[in-house]
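Engineer: Have a look at this one.
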Amino acid sequence: MTEKPDTEPTMEWVLALAQARGLDRAYALYPEAIVAAVARGTGSLGLLPTDFSATTEPAITFDAAKFGGDS
Amino acid sequence: MSDLAYLTIADAGRLIRARKLSPVEFTTALLTRIAATDSTYHAYIAVTQDLAITQAKAAEAEIMRGGWRGPMHGVPYATKDIFDVAGMATTCHSKLRIDHCAAADATAIVKLREAGAVLLGKLALHEFATGGPTLELPWPAARNPWNLDLHPGGSSSGSGVAVAIGTAPGALGTDTGGSVRNPATCCGVVGMKPTYGTVSRAGVFPLAFSLDHVGPLTRTVEDNAIMLQTIAGHDPADPASARRPPPDFTAELNAGVKGLRIGVIAHFYEVDMIAAPEQRAGIAAAIDVLRHLGAEVKPIRLSSLQRYTACGRTIHIAEAFAVHERDLQERPQDYAEITRRKLLPGAFILAADYVKAQQLRTVLCAEFASAMRDLDAVITLSSLDMPCRIDDDETIAKTYERQCRMPFNVTGTPAVAVPTGFTATGLPTAMQIVGRAFAEPMVYRVAQAYCEATGWGERHPSVKVAEGAESLAASS
């Protein structure tokens, strides 16, 4: 998992993130939703397996046939 | 008419071919039933009555001339309103799309039209296939056919409801994290998410490109295989479309399960997350049935449900935000609150986390393929919980976190939800049957053997008819 700040995000930080994403209007209308979205988005992946390697090929061109599609 | 409401696609096809059933009569009966029930169940967003009658008349005339196209010729169906139908709005059940007009049919709609099928209308869904049931949208939410106060599952909610109450024998749905299998589970019908790439997504509004699947919902396994056969096949218009001819999905239907090796992913619902006792009882009984039918059933171990789910969710919300970014920036107020809540986190996912989720997906796909080497199919639960009240947003949000469907969007492998019985209060329970990539015939084989042995799909809800429409409606 990518390292995250170990402190709770401040509203200023959340606003800055929202502005950087062009979500100023959404922040003005729904600030609590943006706070929740920051928490959910930045913590989405959870812990990775201990033997996980970031050098694995990404599944950018996902092909189900690579994974046993010989039936 | 009550017979026509629950006539299967397979039986209708045989009767139509033998000229013992008129497509116009069948279509008219279902349109009448929609008119008599939809103010209660809200399965339909738009009924394409004129188009349906025109298509039914054309089918009838062609068949009378000896030109039978196949098992869906003259057979009605309906589609989740996320598929383009030329000249109509693809609303995605959203205020943002009220003024949309599709220029052409989605590929799945084209295939059904070319097969001579009859489009009854467009069905309700969760907004953009990701929101939830809410009063904020321009159309009401579809209701659970077994208890109107409960959630019918989603996001292909109207598809599950229409099929369950006999206002369509089959319906198209889409499935990014379980959206075909969840309404199938809650409504007590059969819902198939085929292998990624089996059915074209061209002309279907996207939710998350690398997880989106198109699949059918029907009342029987045979009907599901027939409908999938009709819509499957390579399509250059979909970059992920599989470059292989579809197999005969009905070929192994009646081969039984004797001697088959079936794995059970019990730790998903017994250890990783604890399922409701009703759902656990349903799959425990199903294991007994499969053993009794001669299958060798044994537990298998995969990574945790949480790991599969986190991988899928990260990809899901990142890709969905890419689709909705501009509208969330410019008109966030036009989304329902529940939809905003699901889409906005995608703005804050780190690029590295998205890439790692795709890398993790590769690892999980390999793990699943390895587990399947010595197995013909696996089973696990679909929903961990029973449907909650339709107005209980908090619990609905929790049920979307507590399900075993996302792992097979991550692996891209075929997974069908089938009923496993009914609770004391009359609600359906369900399990999933999952296979190797492109092994739909085997998945259908196991599903058919199980469903035929148990007969759960033959039970129908007691359908409520609008006041004054009793003479129009079919009995339940």
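The values are calculated or read from the model by the stated rules, or taken from the named source; none is laboratory data. Remember, it's a predicted structure, so these values are computed and weren't measured experimentally. Every residue, glycine as well, gets a Cβ built from its backbone with ideal geometry; the counts of neighbours run over all protein chains shown.
Engineer: When only residues in segment B:176-208 that are among the aliphatic types (A, V, I, L, M) and surrounded by fewer than 24 Cβ atoms within 10 Å (Cβ to Cβ) count, which is nearest to B:Ser157 (Cα to Cα)?
Structural biologist: Only one residue fits best here, namely B:Ala208.
Engineer: Return a yes/no flag: does segment B:371-384 have any residue that is without any contact (Cβ under 8 Å) to a residue 12 or more places away in the chain, at the interface with chain A (Cβ under 10 Å from one of its Cβ atoms), among the aliphatic types (A, V, I, L, M) and assigned to a helix (DSSP H, G or I).
Structural biologist: The answer is no, given that none of the residues of segment B:371-384 is without any contact (Cβ under 8 Å) to a residue 12 or more places away in the chain, at the interface with chain A (Cβ under 10 Å from one of its Cβ atoms), among the aliphatic types (A, V, I, L, M) and assigned to a helix (DSSP H, G or I).
Engineer: Now a separate question. Of the conditions (1) under 16 Å from the mean Cα position of the chain (by Cα); (2) surrounded by fewer than 24 Cβ atoms within 10 Å (Cβ to Cβ), B:Ala129 fails just one. Which one is it?
Structural biologist: Among (1) under 16 Å from the mean Cα position of the chain (by Cα); (2) surrounded by fewer than 24 Cβ atoms within 10 Å (Cβ to Cβ), B:Ala129 violates only (2).
Engineer: If you don't mind, there's one more thing I want to ask. Return the only residue of B:Val443, B:Val465 being hydrophobic (A, V, I, L, M, F, W, C) and within 14 Å of another protein chain (Cβ to nearest Cβ).
Structural biologist: From the options B:Val443, B:Val465, the qualifying one is B:Val443.
Engineer: Residue pairs, Cβ under 6 Å, 6 or more apart or interchain, first in segment B:24-42 and within 17 Å of B:His73 (Cα to Cα), second modelled with pLDDT under 95 and of a type outside the set (Gly, Ala, Ser). List them.
Structural biologist: B:Ala29/B:Met1
Engineer: Please count how many residues of segment B:327-345 are over 25 Å from the mean Cα position of the chain (by Cα) and of a type outside the set (D, E, K, R).
Structural biologist: Residues in segment B:327-345 being over 25 Å from the mean Cα position of the chain (by Cα) and of a type outside the set (D, E, K, R): 6 in total.
The rows are residues; the columns are (1) buried (at least 24 other Cβ atoms within 10 Å of the Cβ); (2) in a strand (DSSP E or B); (3) modelled with pLDDT under 95.
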site: B:Pro407; (1), (2), (3): yes, no, no
site: B:Gly421; (1), (2), (3): no, yes, no
site: B:Met431; (1), (2), (3): yes, yes, no
site: B:Glu452; (1), (2), (3): no, no, no
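Engineer: For segment B:1-10, what are the residues that are under 13 Å from B:Tyr77 (Cβ atoms) and in a helix (DSSP H, G or I)?
Structural biologist: B:Ile9
Engineer: Scan B:Gln333, B:Gln359 and give me the residue that is in contact with a Pro (Cβ under 7 Å, 6 or more places away or on another chain), of a type outside the set (A, V, I, L, M, F, W, C) and surrounded by fewer than 22 Cβ atoms within 10 Å (Cβ to Cβ).
Structural biologist: None of the other options fit; the residue is B:Gln359.
Engineer: Right, something else. Give the residue that is nearest to B:Glu319 (Cα to Cα), with candidates limited to residues of segment A:26-45 that are facing chain B (nearest Cβ under 7 Å) and more than 16 Å from the chain's Cα centre (by Cα).
Structural biologist: A:Ala26
Engineer: Any residue at all in segment B:283-305 that's modelled with pLDDT under 95 and assigned to a helix (DSSP H, G or I)?
Structural biologist: Checked against the condition, which is being modelled with pLDDT under 95 and assigned to a helix (DSSP H, G or I), segment B:283-305 yields no hits at all.
Engineer: Suppose we filter segment B:326-362 for residues that are among the aromatic types (Phe, Trp, Tyr) and within 7 Å of chain A (Cβ to nearest Cβ); how many remain?
Structural biologist: Within segment B:326-362, residues that are among the aromatic types (Phe, Trp, Tyr) and within 7 Å of chain A (Cβ to nearest Cβ) number 1.
Engineer: Could you count how many residues in segment B:412-433 are touching a residue at least 60 places away in the same chain (Cβ under 8 Å) and within 19 Å of B:Gly178 (Cβ to Cβ)?
Structural biologist: The total comes to 15.
Engineer: Related question: Please pick out the residue among B:Val323, B:Val297 that is away from chain A (no Cβ under 11 Å), β-branched (Val, Ile, Thr) and within 30 Å of B:His93 (Cα to Cα).
Structural biologist: Answer to the selection: B:Val323.
Engineer: If I filter segment A:11-20 for residues that are facing chain B (nearest Cβ under 7 Å), under 20 Å from B:Gln329 (Cβ atoms), modelled with pLDDT of 90 or more and surrounded by fewer than 17 Cβ atoms within 10 Å (Cβ to Cβ), do I get at least one hit?
Structural biologist: No, because not a single residue in segment A:11-20 is facing chain B (nearest Cβ under 7 Å), under 20 Å from B:Gln329 (Cβ atoms), modelled with pLDDT of 90 or more and surrounded by fewer than 17 Cβ atoms within 10 Å (Cβ to Cβ).
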